[in-house]
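Input: a single structure, listed below in structure tokens.
No value in this document is a laboratory result; all are computed from the given coordinates. Owing to the predicted nature of the structure, the values given are computational and were not obtained by experimental measurement. Glycine also receives a Cβ, built like all others from the backbone with ideal geometry; neighbour counts cover every protein chain displayed.
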Amino acid sequence: MTRLRALVAKELLDLRRNRGALLPVAIVTLMSLALPFTVTIAIPAMTGSPLGDDSDLVRVSAVAGVHDRLTPTGRVQLFLFQQFLMMFLLIPITGAMALAAHSVVGEKQARTLEPLLATPIATWELLISKVLGALLPTLAIAVAGLVLYFAGLVVFAEPGVAAAMATGRTAILIAFVGPVAALVSLQAAIVISSRVNDPRTAQQFGVLIIIPLSALLVAQFTGAIWLSTPALAFIGLGLVGVWILLTVFSVALFDRETILTRWK
Amino acid sequence: MIAARALTRSFGPRTVVRDVTFEVARSEIVALLGPNGAGKTTTMRMLAGLIAPTSGSVTIDGVALTPASGGTLRGRIGFLTETPGLWDRLTVRENLQIYASIYRLEGARRVIDASLDLFELTDHASARAAELSKGMRQKAALARALLHRPTILLLDEPMSGLDPEITRSVRRLLDERRSAGCSILVSTHNLDEAERMADRVALLHERLIAIDRPAALRQRLHTGHVTVRLATAASAYLHVARQFDPGAESEGGTLVVHVRDGERDTPVIVSALAAAGAPIVEVRHETPALEDVYLHLIGDAPQ
């Protein structure tokens, strides 16, 4: 664990000196905060048309569950804020693209990988450190964003909406699905990063990671699907399996020799 | 001790290193010389266990270097890569700290302080690697390679970018490590440097062309010459010199006689000149430079 700790410390130290690398994550976080409050609170307030007056929205919001104590506007707000919560899954994925995709290929380009590979470190130690080095800061930003999100709910949403959001579904989404989705995307980005020669290629491949999640988001927003608590837990478990497979796959695919001799 | 046995490495159809066998014993420095693309870096990487040979084997202290043993054996190796490979955004001390943790060094702080002091980097310990000059970066990389006091040192161009003062201190340091029992393989383009520090020189050009002591390599060229300075005009004794070398020349008071084996021929030439009454003031046997030997042997090497 000493080696893993040392390598993670190096990643975090490096990132602390290069805060610009976290800018895309910070921007996505701000968007994830601004968009729901703009759509759900600011626009209805500016137009003078409460969300509860829209019968279609009230009907669609029923999929979020029965909440008799909420006003129709409160029920629509709850539905929309739950939908927007999914956007927070995008934060660590953005981190994956911004940080992890660059991690191995970046070391290759900076010529720092060869001395490192000449030490007794194991491949899994190197790869896990890259994952954690990207995961920890992006999760920290995501958590900070979530705290602000819930604080905003308490302040701006209809009374009872924030309390209604505090469900097992939300907890699973935030504490389980989110981090595991981040792990999967980070691990995939690391696989890509250790198989390409150029950070730009890694980032272009990294964009592909966002496609399945975007599809899920769109499907939820259009009401085509509603991910219930068991469904989310099932997705989370599936993602854990995918992450384990990807980790094994990335260790197997990490060919020190090819990485070194492919340097140009 | 590190030993390479019939090391061969191909990349696709191209063979970069072919059938290379040599050893670096304990308390020995071997300099690896060769032109660009001769396979020096590939050989170094195979010895460090970074890439596997296509055929042949590497043993370190009698243990075969394999994927299974590589992790443990790499802990005994200090490897200086062709480029310093420091993390630019980290300070010199931080760079060393990370490696100290990777090698699980006890008393890491003390070891790092001593290393910074040894390489005269203490004043730059808090500077980020990106801010260092080329020579400083090389010193920091050397400090990193030696941090865990490895018994095997593989150094790719260690003196590159170093000023003469630091070069001398690095040479002294390598001498100390040799005395401490280290096996040291140094890849270099600097023939003078190779001759100064190495016990043996290995000439590599895809194959191992030669490996021997510098003096023994010089003898292989058979092109030394003896310069004899006389107290009188040398032309009067040119006929004596030409008995040994039909191409012998005289200029003023100096005779220049080419010899194949200076150790054997010089006393004979001097005796003949003395017997002929030549007033000899000075005799100098000049062997070919290592550069001449290098160019000759590399030039003759089959491609």
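All alpha carbon pair distances within segment B:1-118 were sorted into 5 Å bins beginning at 0; the resulting P(r) in whole percents reads 2, 9, 17, 19, 17, 15, 11, 7, 2, 0. When Rg and Dmax are taken over the Cα atoms of segment A:1-137, they come to 22.1, 67 Å. Over 21 Å apart at the Cα level, from the set A:10/A:108; A:108/A:130; A:10/B:134, are A:10/B:134.
Counting only DSSP beta bridges whose two residues both lie in the protein assembly as shown, roughly 65 percent are antiparallel. For the pair residue B:254 and residue B:169 in one chain, pulling the backbone fully straight at 0.36 nm per residue adds 26.6 nm over the alpha carbon distance. Going from the residue with the fewest nearby Cβ atoms within 10 Å to the one with the most, B:156, A:198 rank A:198, B:156. For chain B, find the longest principal axis of its Cα atoms and tell me its angle to the long axis of helix B:290-300, 0 to 90°, nearest 10. Between the helix axis and the principal axis of chain B, the angle is about 90 degrees. Seen through its C-alpha gyration tensor, with square-root eigenvalues sorted a ≥ b ≥ c, segment B:163-232 comes out oblate because a/c lies at 1.5 or above while a/b is not bigger than b/c. Report the calculated FRET efficiency for residue A:156 and residue A:18 (r = Cβ-Cβ distance, R0 = 35 Å), to the nearest 0.05. Result of the calculation: an efficiency of 0.50. Under the criterion of Cα pairs below 8 Å and six or more residues apart, the relative contact order for chain A equals 27 percent. Need one number: the % of Cα-Cα pairs in the protein assembly as shown sitting beyond the 46 Å mark. Here the tail beyond 46 Å accounts for 38 percent of pairs. With the convex hull of the Cα atoms taken as the outline of segment B:223-303, the averaged projected area works out to 5.8 nm². Please list log₁₀ I(q)/I(0) at q = 0.07, 0.09 Å⁻¹ for chain A, using the Debye equation with identical point scatterers on the alpha-carbon positions. Taking Cα atoms of chain A as identical point scatterers yields -0.29, -0.46. Computed over the Cα atoms of chain B, the ratio of the radius of gyration to the Kirkwood radius (Rg/Rh) comes to 1.11.
Compared with the dominant principal axis of the Cα atoms in chain B, helix B:108-118 is inclined by about 30°. For chain A, a Gaussian network of Cα nodes joined below 10 Å ranks A:151, A:110, A:142 by mean-square fluctuation, and the top entry is A:110.
The angle separating the long axis of helix B:262-275 from the principal Cα axis of greatest extent in chain B is about 20 degrees. Using a simple spin-label model with pseudo-atoms 7 Å out from Cα toward Cβ, residue B:275 and residue A:204 lie 8.3 nm apart.
Here chain B is assigned +1 on the Cβ of each Lys and Arg and -1 on the Cβ of each Asp and Glu. Its dipole about the Cα centre then comes out at about 1100 debye.
By definition, a body whose alpha carbon gyration tensor gives a ≥ b ≥ c is prolate when a/c is 1.5 or more and a/b is larger than b/c, and segment B:158-303 fits this prolate description.
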